[in-house]
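The values are calculated or read from the model by the stated rules, or taken from the named source; none is laboratory data. Everything numeric in this text was worked out from a predicted model, so none of it was measured. Cβ coordinates were reconstructed from backbone atoms using ideal geometry, including for glycine residues, and neighbour counts include every protein chain displayed. Just the protein is used for accessible areas: all its heavy atoms, side chains included, with ligands, DNA and RNA removed. Shrake-Rupley method; radii C 1.70, N 1.55, O 1.52, S 1.80 Å.
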Protein chains: 2
Amino acid sequence: MKLDPTKMKDWEIAAECEKRMKTVYQLGEELGLTKEELLPYGHYVAKIDYRKVLERLKDRPNGKYIDVTAITPTPLGEGKSTTAIGLIQGMGKRGKKVIGALRQPSGGPTFNIKGSAAGGGLAQIIPLDKFSLGLTGDINAVMNAHNLAMVALTARMQHEANYDDEFLAKRGLKRLNIDPKRVEMGWVIDYCAQALRHIVIGLGGKRDGYPMESKFWIAVASEVMAILAVAKDLKDLRERIGRIVVAFDKFGNPITTEDLEVAGAMTAWLVEAINPNMIQTLEGQPVLIHAGPFANIAIGQSSIIADYVGLKLADYLVTESGFAADIGFEKFWNIKCRLSGLTPDCAVVVATIRALKCHGGAPIPPPGKPIPKEYYEENLEWVEKGCENLMHCVNIVKKSGTTPVVCLNAFHTDTKNEIELVRRICEEHGVRVAVSEHWLKGGEGALELADAVVEACEEKSEFRFLYDLDEPIKDRIEKIAREVYGADGVVYLPAAEEKIRYLESDPELRKMPICMVKTHLSLSDDPTKKGVPKGWNLRVRDVLIYRGSGFIVPVAGDISLMPGTGSDPAYRRIDVDVETGKVKGLF
Amino acid sequence: MKLDPTKMKDWEIAAECEKRMKTVYQLGEELGLTKEELLPYGHYVAKIDYRKVLERLKDRPNGKYIDVTAITPTPLGEGKSTTAIGLIQGMGKRGKKVIGALRQPSGGPTFNIKGSAAGGGLAQIIPLDKFSLGLTGDINAVMNAHNLAMVALTARMQHEANYDDEFLAKRGLKRLNIDPKRVEMGWVIDYCAQALRHIVIGLGGKRDGYPMESKFWIAVASEVMAILAVAKDLKDLRERIGRIVVAFDKFGNPITTEDLEVAGAMTAWLVEAINPNMIQTLEGQPVLIHAGPFANIAIGQSSIIADYVGLKLADYLVTESGFAADIGFEKFWNIKCRLSGLTPDCAVVVATIRALKCHGGAPIPPPGKPIPKEYYEENLEWVEKGCENLMHCVNIVKKSGTTPVVCLNAFHTDTKNEIELVRRICEEHGVRVAVSEHWLKGGEGALELADAVVEACEEKSEFRFLYDLDEPIKDRIEKIAREVYGADGVVYLPAAEEKIRYLESDPELRKMPICMVKTHLSLSDDPTKKGVPKGWNLRVRDVLIYRGSGFIVPVAGDISLMPGTGSDPAYRRIDVDVETGKVKGLF
């Protein structure tokens, strides 16, 4: 059967390829996994025992490490995941031993309007239904671990309100004096459930909890998820879980999950979740799916453990950093690589003619509405002007000492002249460039990209961090603002100043890496400013402190930790074929 | 290593046996499962593709069907699960091809004070950590399916409040006019989270949901879980999911998940959950673990699908009905067997000397406190008097036409005289009786029980229902009250009268089976009345209607659908060995 993405829905293509996909036993054999290392979850999904693999292959040199990032996107996104998958397929077509490492999608977007981020067209991950519907349950495990802390917190507040010190002492409990106005943590659920954003809990009698304001976040915004992504092993995970600050006491001291005696039980939920999951591309290359933390308060990338495993099992590992190069690659570079000790060999910067036009002056395409007609007409001036943003993003990659490759993710509406213009500009700047048609043609369409990446990986790279952890926090924020975003400087609001003073006074906290919250729709902190904005200062309104994941989080943009479900959500079209058990309507 | 349950904790015994447990591939081979039918989840847990098994073995005669029930228990429980597991092990020791079918435990009790219900001593299910921590994620799937309905409900209420009919029509939506005061459904979480019992949601601005009172239940109390337990196949499941009533509109009409266009997506979460899970006893017999619905608003039993599968795969299937014979066996008999079309060959009635003494006059043992000293002293008078409750429960079983076997679950504190007295009374009543020491000795200690059950299964049984679905609802409730509980009659409060009138006026609803809510701590509706209470009427306060699971639920007792976490919960003692990944401290 001919697979034509211009005529078929993504899930129809996936269903067709699933008929002849490899079993995980085949994938495991191709990767040389032992029977003990491969933990099947059904015949087409497996977990990999990371500990056993890393122990067995500790002396094998790592494969090449490739990150896929992008220019500043339009609100529609520029196909970063699709390109990462296309690249894996292209390298596979060239006979390279390649593996992917990507994020697990959240149930929120899957059932709302975004879909499940499994790529698209002829560059997808399968089995699509398992990928979209929780895979082996890691997000549920994160959710259960997180909510157990809230059960412990609220039950403890209730018991301290109802019982005297003597009663508590009989159970080995010392009064924690939690301040109900300074409970930092909320509950999590893996949906866009705006009705749970602002709630009041603990109503009813004295045995019905402690009355207070509370909140729900989407599960992937949980600090537990942030930790799953950066933990190096189970020991590291256990320690980070125990450092999560759930609240402050009435004297301003932090209360951690360890104080609530719940950190061990939380970790018990994660013993299986720490092992990466393996599925495959439409063309049969293995892809590790592991962790899916938010891209603002966390790194927005798949796990360090998946990268460790993949780099031992294959010659090339392709991963992706969420958002654009300024936010996503910067965190990959200065947080993920710092914590993992790994250094990338190449970074692919994905661009589209659509986004370049947008940066060059075309009207911003609104999500959920028809794309303005300007995008269907050739406009070389806009494309050329838009390449300033592309080159800025390429330079971010270069600052890390990593070799960049520009990938023009081609649409069938792009004109030959537009494509050639981008090619020429890249060549003038001495940057490798490849035009890729993976969406339309799969791996076959990504051969030029695959070749460019293989070549780039052979270049000697001199990876270096943007800042040292010893540098003052403000200096580090300023480096990111100036050298990565192109700002003139940084302005701090009083709340941020105060938090930074507090952090600097703590010898441990002051050394945590910076995890910036900023819009990904502009290099600046104003999402409407396109291209390369000049003459602006980054406004840091607040600084959040995540002790468990270990991040200092300056807030220079809006964070919604609980998105909303729209009026025409995806669940309306999802159903099950009751004869075959196949899920229909996912995208 | 000698395993001594008087000296070792349950989880230590489990850990020791896990070192030499069978892989699921071995278990699958012993059961003759094909590679396509056995879906491994790691090496020691599998799902079984129920559809493929039932199709392949449709012409094989079913094995013998054995239900384990109990006399009215003390608040401490009388070891029904442990006896079921012991019986499986005992039959295995005798060389019988036996399989178990048991409920999955909820995370609420596991992390609170009850522990995980994996049996105890030398009669347990392993791997204990996977059994206790979500197994293959079915409860999470139920939770996600359930909460998706609430996301759809609350988002819809918000959008109907914010948008006019024209806007809604553009998205193909017709105003549902949901009455915020008649929202029946709450959210679920699989913990004892009393702080979420009574909450207010939708606070904030107009995009933050719809402000109203709401609630959380423990996930296993979800109607979705009730449905998973009674569905005969995926088609049946899909239809039942679509019939769940989430709320009523302002004119009193029910609003279902189908009206919210979310029933298909809910079912998508359950495509894997519908397949039973397989693990094993300490002695290597296979046990299916599937569904874990509440014993009051649902059947409190593992799934019909697991029974279908187990009866095809083995010569004997041992299952358990939650609570005592009056509530648990009655629902097994008149709901589960009616819906499944299966008929039991034998029912084991578990008794302990402790419970018999309690029914005979000893002080009721309070949970969480030391057992009164009277229980450690021989008292034949109490035991003899207590046997009235035992014989009443045996008679309940006999009324169904099923052959009973009394199992005295022996404790080392029981005296020889006490045991012999029970044996004699049973023999005088012509009932098979076996004394079992499975807790202390495993299958070896349950051989007498196994032999009695095998013998009982050879008797011709004449299974018959207590009532027909055509009979008026009140007649049916009265039959249960008089013939099963031993009441003089039934008294209905006005709310119940009104609901019954409504039900009788609906030709479909009136034919749903009765699923009674009543205490399991007494044959009557007063938990303090022990033995066989006389001269009382059952008070039915209300009648709940569950259209999805298909139950008429008369309420003659308290229902807490969200238990509370105590001041010394189990999570305090649970942790992970970070070197091996083993979970410690579960029980």
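The strands (runs of 3 or more DSSP E) found wholly in the stretch B:181-281 and carrying at least 3 residues that are farther than 26 Å from A:MET143 by Cα, open to solvent by 10 Å² or more (accessible area, probe 1.4 Å) and not basic (Lys, Arg) occupy B:245-249. The residues in the stretch A:564-580 that are open to solvent by less than 40 Å² (accessible area, probe 1.4 Å) and in a loop (DSSP other than H, G, I, E, B) can be counted, and the count is 7. A single entry from B:GLU420, B:GLU498, B:GLU504 fulfils the requirement of being assigned by TED's automatic domain parsing to the domain that holds B:LEU87 and surrounded by fewer than 18 Cβ atoms within 10 Å (Cβ to Cβ): B:GLU420. Based on this model, can you work out whether B:ALA351 counts as among the hydrophobic types (A, V, I, L, M, F, W, C) and without any contact (Cβ under 8 Å) to a residue 40 or more places away in the chain? Taking the combined requirement at face value, the residue does not satisfy it. Residue check: B:LYS64 meets all listed conditions (1) crowded, with 16+ Cβ neighbours inside 10 Å; (2) within 14 Å of chain A (Cβ to nearest Cβ) but one, namely (2). If the condition is being more than 9 Å from chain A (Cβ to nearest Cβ) and in contact with a Pro (Cβ under 9 Å, 6 or more places away or on another chain), then the stretch B:559-587 contributes only B:PRO563.
Yes/no matrix, rows are residues, columns are (1) open to solvent by 10 Å² or more (accessible area, probe 1.4 Å); (2) part of a loop (DSSP other than H, G, I, E, B); (3) in contact with a strand residue (DSSP E or B) (Cβ under 9 Å, 6 or more places away or on another chain):
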{"position": "A:ALA295", "(1), (2), (3)": "yes, yes, yes"}
{"position": "A:PHE332", "(1), (2), (3)": "no, no, yes"}
{"position": "A:LEU339", "(1), (2), (3)": "yes, no, no"}
{"position": "A:THR343", "(1), (2), (3)": "yes, yes, yes"}
{"position": "A:VAL349", "(1), (2), (3)": "no, no, yes"}
{"position": "A:ALA362", "(1), (2), (3)": "no, yes, no"}
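Among the residues making up the stretch A:82-118, none is away from chain B (no Cβ under 14 Å), in a helix (DSSP H, G or I) and at pLDDT below 95.
Identify, by number, the condition in (1) more than 30 Å from B:VAL262 (Cβ to Cβ); (2) open to solvent by less than 30 Å² (accessible area, probe 1.4 Å) that A:ASN162 doesn't meet. It is condition (2) that A:ASN162 fails. Take B:ALA169 and decide whether it is in a helix (DSSP H, G or I), surrounded by fewer than 18 Cβ atoms within 10 Å (Cβ to Cβ), within 13 Å of chain A (Cβ to nearest Cβ) and among the small types (Gly, Ala, Ser). Spelling it out, B:ALA169 is indeed in a helix (DSSP H, G or I), surrounded by fewer than 18 Cβ atoms within 10 Å (Cβ to Cβ), within 13 Å of chain A (Cβ to nearest Cβ) and among the small types (Gly, Ala, Ser). Note on the stretch B:481-495: among residues that are farther than 13 Å from B:VAL555 by Cα and either of a type in the set (A, V, I, L, M, F, W, C) or out of contact with any Pro (no Cβ under 8 Å at 6 or more places or on another chain) (or both), the one that is most open to solvent (accessible area, probe 1.4 Å) is B:ARG482. Residues that are away from every other protein chain (no Cβ under 13 Å), crowded, with 16+ Cβ neighbours inside 10 Å and within 27 Å of the chain's Cα centre (by Cα) do occur in the stretch A:2-10.
Sort through B:GLU381, B:GLU428, B:GLU418 and tell me the only one that's free of Cβ contacts under 8 Å to residues at least 12 places away in the same chain and farther than 30 Å from B:ASP568 by Cβ. Unique residue meeting the criteria: B:GLU428. Working only within the stretch B:507-532, note down all residues that are within 22 Å of B:ARG354 (Cβ to Cβ), open to solvent by 10 Å² or more (accessible area, probe 1.4 Å) and either free of Cβ contacts under 8 Å to residues at least 12 places away in the same chain or not basic (Lys, Arg) (or both). The answer is B:THR519, B:HIS520, B:LEU521, B:ASP526, B:PRO527, B:THR528, B:LYS529, B:VAL532. State whether one or more residues within the stretch A:148-157 are closer than 24 Å to A:TYR50 by Cβ, surrounded by 24 or more Cβ atoms within 10 Å (Cβ to Cβ) and touching an Asp or Glu at 6+ places or on another chain (Cβ under 9 Å). Taking every residue of the stretch A:148-157 in turn, none turns out to be closer than 24 Å to A:TYR50 by Cβ, surrounded by 24 or more Cβ atoms within 10 Å (Cβ to Cβ) and touching an Asp or Glu at 6+ places or on another chain (Cβ under 9 Å). One residue is enough: does the stretch A:215-222 have a residue meeting the conditions touching a strand residue (DSSP E or B) at 6+ places or on another chain (Cβ under 8 Å), within 13 Å of another protein chain (Cβ to nearest Cβ) and hydroxyl-bearing (Ser, Thr, Tyr)? Checking the stretch A:215-222: not a single residue is touching a strand residue (DSSP E or B) at 6+ places or on another chain (Cβ under 8 Å), within 13 Å of another protein chain (Cβ to nearest Cβ) and hydroxyl-bearing (Ser, Thr, Tyr). Among the residues of this structure, A:VAL383 does not count as one that is outside any loop (DSSP other than H, G, I, E, B), within 28 Å of the chain's Cα centre (by Cα) and either under 23 Å from A:GLU330 (Cα atoms) or aliphatic (A, V, I, L, M) (or both).
Being within 21 Å of A:ALA219 (Cα to Cα) and within 7 Å of chain A (Cβ to nearest Cβ) narrows it down to one of B:ALA193, B:ALA145, B:ALA141, B:ALA149, so name that one.
B:ALA193
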